[in-house]
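Working notes, beginning with the structure itself.
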Amino acid sequence: MSHPSHRQVVSYVRRSTRMRPNLRAALDRYGSRYLVPVDTADRSTSIAADAHVDWDAAFGRSAPRVVEIGPGHGESIVSLALERADLDIIGFEVFEPAIAGIVARLHAAGTTNVRLVQADGEQGLRTLFGPRSLTQVVTYFPDPWHKARHHKRRLVDARFAGLVAERLAPGGTWRLATDWEDYALVMRDVLDACPGLVNLHAGWAPRPDVRPLTRFEARGLAAGRTIRDLEYGRADDH
Ligand SMILES: C[S@@+](CC[C@H](N)C(=O)[O-])C[C@H]1O[C@@H](n2cnc3c(N)ncnc32)[C@H](O)[C@@H]1O
């Protein structure tokens with residue numbers, strides 16, 4: 001069953017889930033420590049409209065929550081988890097080999113404050129969290145979909161910005177980064193126009209200390225692209 005409020009065009013394409021044997025082994029061995037099962041709808045990465053997760057039970061405690069959408073290889077989610085043991089961090093990632101890689105990294109780092117959901121993060125944000133429930137939302141290097149005919153697949157649009165604004169708790173922030181200048185400008189325009197959000201910097205944000213160089217970012221830099229960071233807070237707080 002699909003939910004009318006879910007976007008019809010998703011921000012990713014389903015790819016083959018063949019993965020290296022060491023990643024498969026890491027997922028089989030340690031996956032259950034980190035993966036939170038969620039009821040799915042028509043696609044295996046679509047979340048059922050009535051899905052629910054008891055996050056306190058999933059973490060075994062109640063702590064301020066962060067959601068990262070599309071953690072990819074997991075560099076930033078592990079870095080934040082180690083830096084901020086006081087936070088509970090939920091990563092939504094649609095690509096199974098990426099999930100397996102993150103599980104391997106979390107296990108190697110001995111991280112206990114991260115949980116992963118293999119599903120669409122926009123749907124997860126909408127369905128599995130209440131208003132004003134997140135201390136931070138992180139979207140680093142979302143798929144750029146740089147061809148004009150694919151722009152509708154981009155994660156960050158006005159609707160998504162409105163959703164993030166609703167989910168942020170008092171004092172909460174949304175951090176974004178991209179290496180695609182046109183997407184960076186769209187992000188900034190869309191977030192500036194969102195009544196629930198306010199830019200915490202005069203334009204681009206400084207790179208946060210806790211954001212490590214990821215493989216995706218390194219590829220952008222090697223291709224000569226400029227990295228843009230953004231950080232927004234709740235309009236109600238200012
Ligand atoms: C370009 S990579 C960036 C990875 C990482 N954030 C980084 O900075 O290196 C984008 C990632 O987002 C994932 N992704 C795309 N759309 C998503 C969605 N709607 N929900 C969850 N993950 C998504 C992709 O599978 C991919 O791993």
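The values are calculated or read from the model by the stated rules, or taken from the named source; none is laboratory data. Just so you know, these numbers come straight off a predicted model, no measurement behind them. All Cβ positions, even for glycine, are placed from backbone atoms using ideal geometry, and neighbour counts span all protein chains on display. Heads up: the accessible areas ignore ligands, DNA and RNA and are worked out on the full protein's heavy atoms, side chains in. Shrake-Rupley method; radii C 1.70, N 1.55, O 1.52, S 1.80 Å.
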task: Write down the percent of antiparallel bridges among all DSSP beta bridges whose residues are both part of the chain, to the nearest 5.
output: 35
task: Compute, for H52, the solvent-accessible surface of its heavy atoms (probe 1.4 Å) with the complete set of protein chains present, and express it in square angstrom to the nearest 10.
output: 150
- prompt: Using a 1.4 angstrom probe and counting only protein chains, how large is the accessible area of V156 in Å², to 10?
  reply: 0
query: Of I89, V190, A218, which is farthest along the charge dipole of region 36-237 in the positive direction, counting Lys and Arg as +1 and Asp and Glu as -1 at C-beta?
result: A218
- line: For region 36-237, the per residue accessible area (1.4 Å probe, Å²) is 42
- prompt: Per-residue accessible area for E83 at 1.4 Å probe radius, Å² rounded to 10?
  reply: 130
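What full-extension length gain, to one decimal in nm, is calculated for R24 and D39 as 0.36 nm per residue of separation minus the Cα-Cα distance?
Extra length from R24 to D39 when fully extended: 3.1 nm.
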query: Taking all protein chains as present, what is the carbon and sulfur share of the accessible area of the chain, in % to the nearest whole number, probe 1.4 Å?
result: 50
- prompt: Okay, helix-only estimate at 222 nm for the chain: each DSSP H run of n ≥ 4 adds -39500 (n - 2.57), divide by all residues, round to 500 deg cm²/dmol; what do you get?
  reply: -10000 deg cm²/dmol
field: Whole-angstrom gap from region 96-167 to region 172-225, using each part's C-alpha centre
entry: 15
message: Explain nothing, just the number: dipole magnitude of region 16-105 about its Cα centre with +1 on each Lys and Arg Cβ and -1 on each Asp and Glu Cβ, in debye rounded to the nearest 20.
response: 460
message: What are the ³J(HN,Hα) couplings of region 230-235, residue after residue, when phi is run through the Karplus curve with 6.51, -1.76, 1.60 and θ = phi - 60°? Round to Hz, x for glycine and proline.
response: 9, 9, 10, x, 7, 4
- prompt: Largest first, what is the accessible-area ranking of K147, K152 with a 1.4 Å probe?
  reply: K152, K147
Which of T178, T226 is most accessible, then next, and so on - probe 1.4 Å: T226, T178
message: Normalised by the empirical 2.2 N^0.38 Å for globular proteins, what value does the Cα Rg of the chain take?
response: 0.96
task: Note down the magnitude of the dipole of the chain about its Cα centre, charges +1 on Lys and Arg C-beta and -1 on Asp and Glu C-beta and zero elsewhere, to the nearest 20 debye.
output: 800
message: Using a Gaussian network model on the chain with a 10 Å cutoff between Cα atoms, which of R29, R188, R65 fluctuates the most?
response: R29
